[in-house]
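Below: one structure, written as structure tokens.
What follows is calculated from the coordinates using simple rules that are stated; it is not laboratory data. Computed from a prediction, not measured in an experiment: that's the story for all the values here. FYI the Cβ positions are ideal-geometry reconstructions off the backbone, even for glycines, and counts take in every protein chain you see.
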């Protein structure tokens with residue numbers, strides 16, 4: 001009876017090859033890469049686009065070599081070696097991260113998003129930050145996102161105002177948050193992503209843009225939609241831990 005049960009179990013080689021093939025297919029499909037591309041080239045190509053591949057690059061390259069060692073003449077029905085349990089479990093974990101990754105909004109994205117509006121004075125925005133304990137607050141004008149009020153950027157703006165001879169009270173009461181945002185040199189400190197953005201995609205945004213402070217999640221990733229959630233740099237380590245344990 002025990003022998004019969006074993007017959008229905010996948011061998012380690014079969015489990016390894018299934019995970020390997022799923023990774024190969026998922027990456028080529030996601031990034032529109034040539035189906036004939038070799039696995040090692042695929043991994044090296046995907047490193048810049050995928051946080052998980054970048055994290056497990058060395059292991060994946062090794063697993064590409066191992067795949068060639070456990071089959072004969074590219075015939076997956078002719079297995080000549082069985083990988084160790086720990087190897088199978090590791091590649092299956094990577095496969096899971098690449099094919100069914102957790103959504104950022106469902107895990108680390110904060111859904112209680114506090115927003116403000118373009119016409120608010122700096123005093124009102126700073127007071128909102130203090131009362132909500134949030135240092136990144138999306139700013140809207142006519143239901144369109146125009147930027148993110150950030151505590152450090154407000155402090156820098158106030159410092160420049162004072163250096164130029166302005167008074168603190170004038171900055172707080174006469175300057176609107178829209179005025180400050182329009183004076184910023186660029187807006188690459190925040191991005192807007194679709195609600196189904198994965199943790200891997202979010203981490204990749206932070207990796208590729210070291211100035212990034214916040215990701216806003218909306219239904220379709222558009223600036224004229226209200227935010228469903230927000231992820232900031234403070235959530236990065238938590239997101240990494242979730243991937244490790246997923």
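Between residue 80 and residue 234, the simple spin-label model (points 7 angstrom out along Cα→Cβ) gives 5.7 nm.
Principal-axis analysis of the Cα atoms of the chain puts helix 57-70 at an angle of about 20° to the longest axis.
Relative contact order (percent) for the range 2-100, with alpha-carbon contacts under 8 angstrom and 6 or more residues of separation? Don't jump to the answer; show the numbers that get you there.
On the way: 84 pairs, mean separation 37.8, N = 99.
Relative contact order here is 38 percent.
Dividing the summed helix terms, -39500 (n - 2.57) for each DSSP H run of n ≥ 4, by the number of residues in the chain produces a 222 nm estimate of -15500 deg cm²/dmol to the nearest 500. The structure shown yields Rg and Dmax of the Cα atoms in Å, and of the options (1) 17.1, 50; (2) 24.4, 88; (3) 21.6, 65 that calculated value carries the label (2).
Before anything else, pin down the relative contact order of the range 96-246: Cα pairs under 8 Å, at least 6 apart, normalised by residue count, whole percent.
Working: 232 pairs, mean separation 46.2, N = 151.
Here the relative contact order equals 31 percent.
Relative to the longest principal axis of the Cα atoms of the chain, the long axis of helix 236-245 lies at roughly 20 degrees.
Relative to the longest principal axis of the Cα atoms of the chain, helix 151-163 runs at roughly 40 degrees.
Fraction of C-alpha pairs exceeding 21 angstrom in the range 106-245: 43 percent, rounded to a whole number. Note on the range 2-100: the C-alpha convex hull projects to 6.8 nm² when averaged across all orientations.
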